[in-house]
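Scroll down for the structure; my scribbles are underneath it.
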Amino acid sequence: MPTKRRHVQDADDAEVDEKKVSAAEWEHDSVSSKYFQSMKNRLLSDFYNKPCTHLAKAFLGQILVRRLPDGTELRGRIVETESYLGGEDEASHSRGGKRTERNVAMYMKPGTIYVYQIYGMYFCMNVSSQGDGAAVLLRSLEPIEGLDAMRKFRNVKRNVQKPLKDKDLCNGPSKLCQSFAIEKSFDQQDLATNPSTWLEAGPEILEEDVVSCARIGINNAGEWTRKPLRFYIKGNKFVSVRDKTAETDGNT
């Protein structure tokens with residue numbers, strides 16, 4: 001009898017182990033399936049091959065995806081951008097055709113990520129476009145997936161542990177980089193092929209729903225200070241700063 005009982009117990013343990021393996025395999029297959037589906041939906045090189053202002057507007061509504069090392073995927077809809085037109089643009093890092101080790105990504109093929117640091121601790125993410133030294137700044141996102149992870153990343157940089165509202169996670173260029181764990185290592189990467197960060201197609205944004213206004217924080221750039229090169233989705237609460245005058249004037 002003890003032998004029979006042991007055989008029964010061994011069979012039960014084997015069944016439990018099999019179920020554990022099956023569950024693990026299912027989870028792995030599920031993550032893999034989601035990843036490959038994401039790869040099918042990603043925007044390819046042709047999408048980025050546009051003049052700077054056209055690309056800045058085309059970004060609105062598209063989905064930025066960040067795949068973390070553990071397979072977690074973060075997603076946010078782009079709701080605000082700024083265009084920097086290259087050599088002629090006095091507010092651009094490439095004004096006057098300036099080339100440095102820092103801004104080399106601005107001269108690379110359209111779709112190249114340009115990440116630079118401000119205040120010695122924060123990062124901003126841009127994407128190169130057509131035009132020598134031209135690039136688009138991703139300014140704000142509407143977070144749609146992986147918000148808990150985003151809060152965790154944001155809290156690492158915050159002294160105050162007051163819970164962040166959804167609208168405050170990615171409503172600024174440095175905030176979205178913090179939330180998506182995007183740092184200098186992403187500089188000069190190809191957004192069309194990078195395995196950790198890419199864009200997926202989102203809903204089309206109609207021209208009448210796009211606000212065009214002056215860029216944020218631009219001073220001493222002559223006529224370029226007020227040029228309407230910032231674009232955002234009208235009425236979206238995740239935009240960093242609304243320009244009510246531009247909205248009222250219908251400067252879209």
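The values are calculated or read from the model by the stated rules, or taken from the named source; none is laboratory data. In this text the structure is predicted, and so the values were computed from the model without any measurement. A quick note on method: Cβ atoms are made from the backbone with ideal geometry, for glycine too, and the neighbour counts reach across all protein chains shown. The accessibility values were calculated without ligands, DNA or RNA, using every heavy atom of the protein model including side chains. Shrake-Rupley method; radii C 1.70, N 1.55, O 1.52, S 1.80 Å.
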### Query
Being crowded, with 21+ Cβ neighbours inside 10 Å and in a loop (DSSP other than H, G, I, E, B), is that true of even one residue in region 156-163?
no
### Query
Does region 115-125 contain any residue that is in contact with a Ser or Thr (Cβ under 8 Å, 6 or more places away or on another chain), open to solvent by 60 Å² or more (accessible area, probe 1.4 Å) and at positive phi?
no
### Task
Can you confirm whether region 191-208 contains a residue that is part of a loop (DSSP other than H, G, I, E, B), polar (S, T, N, Q), at pLDDT 95 or above and open to solvent by 50 Å² or more (accessible area, probe 1.4 Å)?
yes
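Just give me the residues in region 128-155 being open to solvent by 90 Å² or more (accessible area, probe 1.4 Å) and over 28 Å from M108 (Cα atoms), in sequence order.
Within region 128-155, D148, K152 meet the criteria.
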### Message
Taking the condition of being surrounded by fewer than 17 Cβ atoms within 10 Å (Cβ to Cβ), under 15 Å from I218 (Cβ atoms) and touching a Phe, Trp or Tyr at 6+ places or on another chain (Cβ under 8 Å), how many residues in region 81-110 meet it?
### Response
1
### Message
For region 223-235, give me each residue that is under 28 Å from I144 (Cα atoms) and open to solvent by less than 30 Å² (accessible area, probe 1.4 Å).
### Response
L229, R230, F231, Y232, I233
